[in-house]
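Data block below; observations after.
The values are calculated or read from the model by the stated rules, or taken from the named source; none is laboratory data. Just so you know, these numbers come straight off a predicted model, no measurement behind them. Note that each Cβ is placed from the backbone with ideal geometry, even for glycine, and that neighbours are counted across all protein chains shown. Heavy atoms of the whole protein, side chains included, go into the accessibility calculation; ligands, DNA and RNA do not. Shrake-Rupley method; radii C 1.70, N 1.55, O 1.52, S 1.80 Å.
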Amino acid sequence: MKPFGYVRPASTDEAVRLCAEGAGARFLGGGTNLVDLMKLGVETPRVLIDVAGLPLDRVTRTADGGLSIGATVRNSDLAAHPDVTESYPVLSQALLAGASGQLRNAATTGGNLLQRTRCRYFQDVSKPCNKRLPGSGCPAREGTHRDLAILGHSPECVATNPSDMAVALAALDATVVLLGPEGERAVPLTEFHRLPGENPDQDTVIRPGELITEVVLPPPTPGAASRYRKARDRASFAFALVSVAATLRVEAGHVEHATLAFGGVAHRPWRARRAETEMRGAPATPAVFQHALIAELAEARPLRDNAFKVDLARRLALDLLGELTERQPARSG
Ligand SMILES: Cc1cc2nc3c(=O)[nH]c(=O)nc-3n(C[C@H](O)[C@H](O)[C@H](O)COP(=O)(O)OP(=O)(O)OC[C@H]3O[C@@H](n4cnc5c(N)ncnc54)[C@H](O)[C@@H]3O)c2cc1C
Ligand code: SF4
């Protein structure tokens with residue numbers, strides 16, 4: 001590992017100011033991704049600004065009945081928080097499906113959103129990679145890509161976003177709040193992560209020096225049930241081959257409200273807007289769900305070894321929507 005500086009700011013303003021002082025400064029959350037990448041030589045920051053001690057470790061109700069999640073709240077604390085388990089179970093389930101207990105105890109909300117792709121070429125500095133070194137090439141396209149993207153990828157990059165938490169946040173219409181040298185701004189979670197296009201080195205729309213301060217959830221949709229499901233290669237801890245987060249409310253046999261997001265299939269959590277539009281107002285039947293999912297996944301462009309993900313995504317979501325439909329009477333009764 002290359003030598004680096006380390007500072008602990010006393011406030012968010014100081015953190016942002018320190019970051020603006022020169023190139024190569026990076027915020028440090030739990031360090032479970034950044035430090036790993038430093039050991040591999042993928043990341044070589046000049047100085048780490050440790051934000052884990054800032055007073056951003058609270059989960060609080062917002063005035064409108066939503067939830068504010070501070071950027072340094074640990075993943076395990078968030079998963080177990082009563083407001084999350086009661087009102088946003090899909091978020092708790094997604095967090096618990098990610099990493100191991102030990103990692104979740106260290107990982108933070110902000111760091112989880114900004115963790116880098118697990119594409120093996122990105123993590124290996126002896127290999128070319130457009131995300132690590134723009135213009136060097138994408139060996140994954142012809143090489144090992146079984147766990148990579150089927151939707152929204154580009155000739156430049158076929159990487160996937162690895163976060164489970166972000167998939168649930170996409171289905172919940174969360175907003176990311178950022179503080180930077182220019183002040184504060186809020187970005188919908190579904191627009192926070194980018195598709196790769198010609199600039200796969202940019203994972204998100206975050207601007208240089210911006211600090212994530214909180215993630216805000218709108219009030220839970222009355223009467224809607226929510227759930228997360230993840231398919232992975234082993235039962236202990238592994239990144240998603242495909243995952244799905246959904247919220248659903250059925251009234252008189254018809255879909256009154258539905259949100260759906262996929263993980264493990266694209267460079268960002270994939271909000272299934274087309275399927276949602278098809279489902280809304282339609283009878284809550286497997287045939288309707290099936291039709292909506294086929295329409296959504298029609299734009300999938302699988303690579304040589306990952307076509308299985310299209311079918312996996314459809315089946316996983318179909319099963320989940322069926323389960324959420326069955327839960328409706330018990331919940332509203
Ligand atoms: C073995 C293993 C298995 C894993 N399995 C999974 C899994 O199945 N699912 C899953 O979702 N994740 C998984 N993870 C990833 C883990 O969830 C992430 O490493 C973790 O969430 C990152 O959080 P952190 O706080 O440690 O981030 P850090 O490593 O501290 O930071 C990550 C990035 O975020 C930036 N950053 C941190 N905080 C802020 C902030 N407030 N504002 C702006 N920038 C910030 C850092 O500069 C860095 O670029 C796994 C990790 C390991 C090592
Ligand atoms: S898929 Fe993206 S991250 Fe992986 S090698 Fe290609 S450019 Fe790099």
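Worth pointing out:
- The portion of the accessible surface of the chain made up by carbon and sulfur, rounded to a whole percent, is 52 (1.4 Å probe; DNA, RNA and ligands excluded).
- Extension gain, Arg26 back to Tyr6 (0.36 nm per residue minus Cα-Cα distance, nm): 6.2 nm
- One Cα centroid belongs to the range 1-68, the other to the range 253-306; the line between them spans 35 Å.
- Gyration tensor (alpha-carbon) shape descriptor, the range 113-252, a/c threshold 1.5: oblate
- For trypsin sites (Lys or Arg not before Pro), no site in the range 109-143 is both called loop by DSSP and has at most 14 other Cβ atoms within 10 Å.
- Computed label-point distance, nm, for sites Ala235 and Asp201 using a 7 Å Cα→Cβ extension: 4.4 nm
- Percentage relative contact order, the chain, counting C-alpha pairs under 8 Å, at least six apart: 16 percent
- Lysine pair number, Cα distance threshold 20 Å (strictly under), the chain, separation 8 or more or different chains: 5
- For Arg17 and Arg304, the FRET efficiency from 1/(1 + (r/R0)^6), where r spans their Cβ atoms and R0 equals 51 Å, is about 0.60.
- Helix-derived mean residue ellipticity, 222 nm - over the chain, DSSP H n ≥ 4, -39500 (n - 2.57), to 500: -8500 deg cm²/dmol
- Most positive-pole-ward Cα, Asn75, Pro220, Gly143, against dipole of the chain from beta carbon charges: Gly143
- Residue-normalised accessible area of the range 146-195, expressed per residue, 1.4 Å probe, Å²: 31 Å²
- Trypsin sites (Lys or Arg not before Pro) lying in DSSP loop within the range 226-331, provided at most 16 other Cβ fall within 10 Å: Arg234, Arg280, Arg304
- Residues Glu142 and Glu86, FRET efficiency given R0 of 56 Å [Cβ-Cβ distance, rounded to 0.05]: 0.75
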